[in-house]
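So the structure is just underneath, and the comments pick up after that.
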Amino acid sequence: MFVARSIAADHKDLIHDVSYDFHGRRMATCSSDQSVKVWDKSDDGEWHCTASWKTHSGSVWRVTWAHPEFGQVLASCSFDRTAAVWEEIVGESNDKQRGLSHWIKRTTLVDSRTSVTDVKFAPKHMGLMLTTCSADGVVRIYEAPDVMNLSQWSLQHEISCKLSCSCISWNPSSSRAHPPMFAVGSDDNVTYTGKVQIFEYNENTRKYAKAETLMTVTDPVHDVAFAPNLGRSFHVLAIATKDVRIFKLVPMRRETATTSGPTKFEVQVMAQFDNHNSQVWRVSWNITSTLLASSGDDGCVRLWKANYMDNWKCTGILRGDGTPVNGTSGQAGAANVIGASGTLASQAAVGGAASAGRYFFPHLDPPRTGSRLGHLLPPLTHRADV
């Protein structure tokens, strides 16, 4: 059973992204009104806007949090061809009497020649690194050499993907057996090639090289998400395209110890669902990688879970207003929903259901072509107490 509450987001245009911090107690929203808002959750469960400011001179596509080890840091990216890094300053705000926090811009990254479509911080064990992808088909990886001085970022890698990029996801595995790796998706209209590429870091060359292209994914890709890796020897990747797909990437054993090329993978399709009967816009994992949420143009969020035989099935369907579809259950826990009007709706599962699927926001968003409405869903994984 779900109880829905509305939160007036007060954005002046469509909201494109919602992102939770590591602990799930703060969230950030961004919009075509060129602003970012930060929300804090009070002890009574209510969300309060504690900061709102103009960030870019174009639509803001994505906003994301750095790990709290590096402070209260946000990154945003925009149609204005830039990405920006923001840091919260405590005790220096003139708005203190109104309870508003003070965020200042630490840097603007201006290397892209076209719209910056996604921005993600690398996993914490890699240090403070930020990755962007752009419509010009280039992935750029920046590093802050001094975490105490966030105005200094150096461009470490510039990787050409040959296709317009729409989304990126880092493999979160911290195992020494797994080199740093990320997936990048493309919403390019080219139909003859795979739309998801996997890049892996090579210690010998100190560069990223393409390890795999998922050739069976030929439709435009709107989102990619690596599942949290809890000691597995293989990787799991979810993809949002015209349907939901879950891939298993099994590293092949190297022939010799001297092989220096990228890892070769055996690619297996674990599941494929077209239940949305429409474009799928976001996929997001819970912290234990046992639950996947997807959102699509059908106006619903669908929750997927695998049984002990690794057979995936739909375990719940939520409408855009947060109500469960008849005949399905909401056993994934509490949820949050956001609509095209810029109003947030917060849902809480009565009785304290499982926290695995606790935080997500499906919402309406026109794709960058402006041709139709889509649904976006930010991560489920930001739960430190699971």
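Things worth noting here:
- Each Lys or Arg adds one and each Asp or Glu takes one away; over the other residues whose Cβ falls under 13 Å from the Cβ of S174, this sums to +3.
- The ellipsoid that matches the Cα gyration tensor of segment 107-176 has semi-axes, each √(5λ) in whole angstrom, of 21, 16, 9, with the longest given first.
- What the pair-distance distribution of segment 68-208 shows, using all Cα-Cα distances binned every 10 Å from zero, is 11, 37, 33, 13, 5, 1 percent.
- Under-5 Å amide H pairs with D321, H placed in peptide plane, nonlocal only: none
- Highest average packing first - 107-116, 279-288, 201-210, Cβ atoms within 10 Å: 279-288, 107-116, 201-210
- log₁₀ of I(q)/I(0) at q = 0.09, 0.10, 0.13 Å⁻¹ - segment 23-140, Debye sum with one point per alpha carbon: -0.25, -0.30, -0.51
- Using the Cβ-Cβ distance between A177 and M215 with R0 = 30 Å, the FRET efficiency computed as 1/(1 + (r/R0)^6) comes to roughly 0.70.
- Highest average packing first - 178-188, 80-90, Cβ atoms within 10 Å: 178-188, 80-90
We did not get these values from a lab; they are worked out from the coordinates using the rules stated. All values derive from a computational prediction rather than experimental measurement. Don't worry about glycine lacking a Cβ; one is built from the backbone with ideal geometry, like all the others, and counts go over all protein chains shown.
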